[in-house]
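Nothing in this text is a laboratory measurement; each read-out follows from the coordinates by a stated rule. The structure displayed is predicted, hence computed values, not measured ones. Here the Cβ positions follow ideal geometry from the backbone for every residue, glycine too, while neighbour counts run over all protein chains shown.
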Amino acid sequence: MYDEAKLNNAAEPGDSFMNATRKLEYTLTNDYLFHVVMQKNEKVLRGLIGSLLGLKQEDIKTIVLKNPIVFGEAIGDKDVILDLRVVLNDDQILNIEMQVKKREDWPERSLTYLCRNFDNLKSGQDYSEVMPCLHIGIIDFVLFEGKSEFYSRYRLMNTNDHHIYTSKFGINVLNLRYIENATNDDRNAELDAWARLFKAGTWEELKQMAQEYDFAKEAATSIYAVSADEAIKLQCEARERNERDMLSSYRAGIRHEQANTEHERKRADSEKKRADKNESDLNKTKDDLNKTKNDLDNANKRIKELEALLKESRGQVP
């Protein structure tokens, strides 16, 4: 695997994707295809970064991809994250992740990757020289219940007055589930268009977008080119299969947990019934003991009365 890669500035010649029809085999929400297209076509990556950060294209001087992949080469670890680790303008680290399948651990995972990338000082450098780092997650699931923001920005800040502790450390989340909640700023940055591009499932959708957005035309051209590569398609399928396997395992784990929970609930109910019966038996025993005690008290009282009568009948003073 390479340490870094200079990206290809030129898209494939021709607009042959305009002749394509029907459904896409894989959309850009497939993290392998997403990585391939962004690595293959710098114009697409530059456009995405510009929209995500609100930058003009002239402000993006250099882009270096630090974790390129060999197209079509098998990904050994099915749990590997095919994010894009980019150094922007030699002074900022971006980690862009496409993750549309729900993961309960996404907040912790994204924070872990952010921290790893933030730890970027070289030997002899001062702490003030640490490069700003931003993790950008592109997701399509409910991250936090009751929160439906399209593009969220999370920063380390004082909870009292919201003062930002540092601007060098943050997490942004673009949630494809809430495109309709895009703000005017989001639309001006064309983030809603990017979201539609990621979710486009047919060539007709891509062709329509390509007529309106240059970045969509570049992306469609690259998608069409790599779609002819059987090795790349195999890896796209492998990633989706792995996602399905992970989802199945997750659901199986949930079912197992639910079964265990139901078993524990039934066991707890049984224990409660047993405890309730024991308590009922104990209360009955107490009642029986109290009745017996009362009977004994009454018997003793009657004995004393009889003893008194007996003494009286014998002419003795009680």
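For ASN278 and LEU111 in one chain, what is 0.36 nm times their gap in residues minus the Cα-Cα distance, to one decimal in nm? Don't skip to the answer; put the middle values down first.
Working: separation 167, 0.36 × 167 = 60.12 nm, distance 5.18 nm.
Working it through step by step, the gained length comes to 54.9 nm.
Tally the DSSP beta bridges in the chain and give the antiparallel ones as a percent, rounded to 5.
Percent antiparallel among DSSP bridges in the chain is about 55.
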Checklist entry - Which value in nm describes the separation of the simple spin-label points at ALA308 and GLU104, placed 7 Å from the Cα toward the beta carbon? => result 7.6 nm
Checklist outcome for this item: Taking a crude spin-label model, label points 7 Å out from Cα along the C-beta direction, the ALA74 to MET18 distance in nm is 4.1 nm
Next on the checklist: Which entries of LYS56/LYS217; LYS23/LYS147; LYS43/LYS102; LYS122/LYS168; LYS102/LYS217; LYS56/LYS101 have Cα-Cα distances beyond 22 Å here?
Outcome noted: LYS23/LYS147; LYS43/LYS102; LYS102/LYS217; LYS56/LYS101
Checklist entry - Which whole-number percentage describes the relative contact order of the chain, with Cα contacts under 8 Å and a sequence gap of 6 or more? => result 20 percent
Checklist entry - Convex hull volume of the Cα atoms in the chain, per residue, in Å³? => result 282 Å³
Checklist outcome for this item: The residues THR112, THR29, sorted from fewest to most surrounding Cβ atoms within 10 Å, come out as THR112, THR29
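How would you rank MET209, MET157, going from fewest to most other Cβ atoms within 10 Å of each one's own Cβ? The partial results should precede the final answer.
Values: MET209 19, MET157 13.
Placing the least packed residue first, the sequence is MET157, MET209.
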Item to check | Candidate lysines for bridging to LYS266, where Cα separation is under 30 Å - those fewer than 8 sequence places away on the same chain excluded | outcome: LYS277, LYS284, LYS286
Checklist entry - Which ³J(HN,Hα) values, rounded to whole Hz and listed in residue order, are derived for the stretch 39-46 from phi using the Karplus coefficients 6.51, -1.76 and 1.60 in 6.51 cos²θ - 1.76 cosθ + 1.60 with θ = phi - 60°, glycine and proline given as x? => result 6, 6, 10, 5, 4, 5, 5, 4
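For the chain, the longest stretch holding no chymotrypsin sites (Phe, Trp or Tyr not before Pro) located in a DSSP loop with at most 12 other Cβ atoms within 10 Å is which? Mind showing how you got there, number by number?
Details: sites that count: TYR2, PHE144, TYR165.
In the chain, the maximal stretch lacking such sites is 166-318.
If the chain between SER123 and ARG155 were fully stretched, how many nm would it gain, using 0.36 nm times the residue separation less the Cα-Cα distance? List each step's numbers first, then the result.
Working: separation 32, 0.36 × 32 = 11.52 nm, distance 2.72 nm.
Residue separation times 0.36 nm, minus the Cα-Cα distance, leaves 8.8 nm.
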Checklist entry - Roughly how many nanometres apart are two label points built 7 Å out from the Cα toward the Cβ at ASP288 and PHE144? => result 6.1 nm
